[in-house]
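Every number here is computed from the coordinates shown, using simple stated rules; none is lab data. No experiment lies behind these values; they were computed from the predicted model shown. So basically every Cβ, Gly included, is an ideal-geometry build from the backbone, and we count neighbours across all protein chains shown.
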Amino acid sequence: MAKNSVSEWSTVSSGNGDIAGFTLGLDMPPSYVNNSIQEMMAQIKQWKDGYTDPISGLPVYQSITAQNVEVIGINNIKGQFQINGNTGTLGQVLTSNGAGSLPNWTSKGTMSTQNSNAVNITGGTITGTKVNNVIVGTNASGNKTISTSAPSGGQNGDIWYQI
């Protein structure tokens with residue numbers, strides 16, 4: 001069988017007797033040396049980059065089977081990224097399930113859907129943002145009361161100064 005792609009190569013050297021129909025033997029014609037090396041280079045480049053199969057029109061990419069893969073530097077992923085056959089959606093992140101387990105796609109939600117008792121904000125100042133139509137960091141809403149009495153009554157947004 002002609003070895004027309006890297007995926008058809010054998011891991012046993014004697015199983016690689018040809019490439020794209022060019023016989024790789026001691027008695028091969030000199031032109032086969034040139035042609036087979038060029039074919040090998042093309043197949044390796046296609047395997048590395050991925051390509052569109054001219055017959056099916058489908059994209060073909062290399063398949064890596066490994067126990068541990070270390071990714072170093074910046075890696076751009078073209079197209080969809082799947083974990084165990086599942087593709088994340090907008091707003092989802094990969095969440096670890098611990099050592100030895102695959103991560104899964106989860107949604108972190110919005111501030112309104114998060115548990116208000118579990119939101120940690122550390123450092124910084126929130127200003128210039130509207131909450132209930134009042135700009136945070138201003139004294140723009142509610143009644144301001146200065147009194148020697150303890151606060152009583154009122155509504156959200158009121159400020160009571162006890163002196």
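For region 6-60, just say rounded, prolate or oblate: build the C-alpha gyration tensor, square-root its eigenvalues into a ≥ b ≥ c, call rounded for a/c under 1.5, and beyond that prolate if a/b exceeds b/c, oblate if not. Prolate shape, in that a/c is at least 1.5 and a/b is the bigger ratio. Of the peptides 79-89, 31-41, the order by per-residue mean of other Cβ atoms within 10 Å, starting with the highest, comes out as 31-41, 79-89. Excluding same-chain neighbours fewer than eight residues apart, the aspartates and glutamates reachable from K45 by a Cα-Cα span under 17 Å are E8, D53.
Listed by chain and number, the lysines whose C-alpha is less than 27 Å from the C-alpha of K108, apart from same-chain residues fewer than 8 away, are K78, K130. In this rough spin-label picture, where each label sits 7 Å from Cα along the Cβ direction, the N86-I146 distance is 6.0 nm. The H on the amide N of N4, modeled in the peptide plane, is under 5 Å from the matching H of A20, each at least 5 residues off or on a different chain.
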